[in-house]
Amino acid sequence: MSCVFIISAPSGSGKSTLVNNLLRREPNLLFSVSYTTRDPRGQERDGAQYRFVSREQFEAMIARDEFLEFAQVFGNYYGTHREVVERGQAEGRDVILDIDVQGARQLRRKIPDAISIFILAPSREELAKRLRARSEDSEETIARRLAGAAKEIEDFAQYDYVLVNEDVATASDLLHAIIQAERLRRRSPRVTARVEKILASFAAQPANGQTEQ
Ligand code: 5GP
């Protein structure tokens, strides 16, 4: 069983940068590419950041029960396909999901061992500054995102970890540290398997009572 990491953050909190830095350091992590009905932004390409589909396609997928979780965020659908997490488990790779607070709530019910991390900007002013610097959204959209952020932040208590993104380098290190620490938990099946292998190496030695030099 591999680990499932959920990352949520109000948009503009720097989450994508932190996740990209993490994936560079941990290339074996499987990033869950979500399906969405929103239009691609800037340099986004289908299949890289998201799978971009129509509302009709998304609703047909809901009807076929293809999503592990899905939600409507700012008027568009977003969802995690079941296959992504199943593939991670099959390949023994940890999976990382970038989903909103509604999706996180649904996923915890299905995968109670999932580890969740909430990322937020240090203040409203800083979040507004980052959203404007990104210059991908209109002022109206930015106002909507700021109002949505306050609501999302109120849900922080559902998460195992809370990371305030003051500066990218420090926050990237902290996010990496969380992933590394979680992988060393005693209850992790991978840790148990590793220790059993070490113990087996002892059992393989003849018990002649001699101390090795
Ligand atoms: P954006 O449009 O800025 O890329 O994302 C808007 C919000 O949708 C973000 O909070 C992001 O985490 C969330 N989101 C992205 N993919 C998924 C998904 O598959 N499921 C859910 N529930 N939320 C998602």
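The values are calculated or read from the model by the stated rules, or taken from the named source; none is laboratory data. For clarity, every value in this text was computed on a predicted model and none was experimentally measured. Cβ atoms come from the backbone with ideal geometry, glycine included; neighbour counts cover every protein chain shown. All accessible areas refer to the heavy atoms of the entire protein, side chains included, with ligands and DNA or RNA removed. Shrake-Rupley method; radii C 1.70, N 1.55, O 1.52, S 1.80 Å.
Quick rundown of the values:
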item	result
Candidate residues F156, F70, F5, F52: accessible-area rank, largest first, probe 1.4 Å	F156, F70, F52, F5
Derived scalar couplings ³J(HN,Hα) [the stretch 174-185; Karplus, 6.51 cos²θ - 1.76 cosθ + 1.60; whole Hz; x for Gly, Pro]	5, 5, 4, 4, 4, 4, 5, 5, 4, 6, 9, 4
³J(HN,Hα), Karplus 6.51/-1.76/1.60, whole Hz, each residue of the stretch 55-64, x for Gly, Pro	4, 5, 4, 5, 5, 5, 5, 4, 4, 8
Beta bridge orientation in the chain: antiparallel %, DSSP, nearest 5	30
Candidate lysines - alpha carbon under 16 Å from K151, same-chain residues fewer than 8 apart omitted	none
Nitroxide proxy distance, nm - points 7 Å out along Cα→Cβ at S135 and V191	4.8
J(HN,Hα) series, the stretch 131-137, from Karplus relation 6.51 cos²θ - 1.76 cosθ + 1.60, nearest Hz, glycine and proline x	5, 6, 5, 5, 6, 9, 10
For V162, distant residues with modelled amide H under 5 Å away	F118
Interchain or long-range residues, amide H under 5 Å from V73's placed H	Y78
Antiparallel bridge percentage (DSSP; both residues within the stretch 21-85; nearest 5)	65
Solvent-accessible area, 1.4 Å probe, carbon plus sulfur percent, for the chain	51
Debye, to nearest 20: dipole size of the stretch 4-201, +1 on Lys, Arg Cβ, -1 on Asp, Glu Cβ	540
For the stretch 40-54 versus the stretch 90-159, the gap between their alpha-carbon centres in whole angstrom	18
Dmax and Rg, reported as Rg then Dmax, of the chain (C-alpha, Å)	20.3, 77
Residues whose placed amide H lies under 5 Å from that of D98, excluding near-sequence neighbours	I7, S32
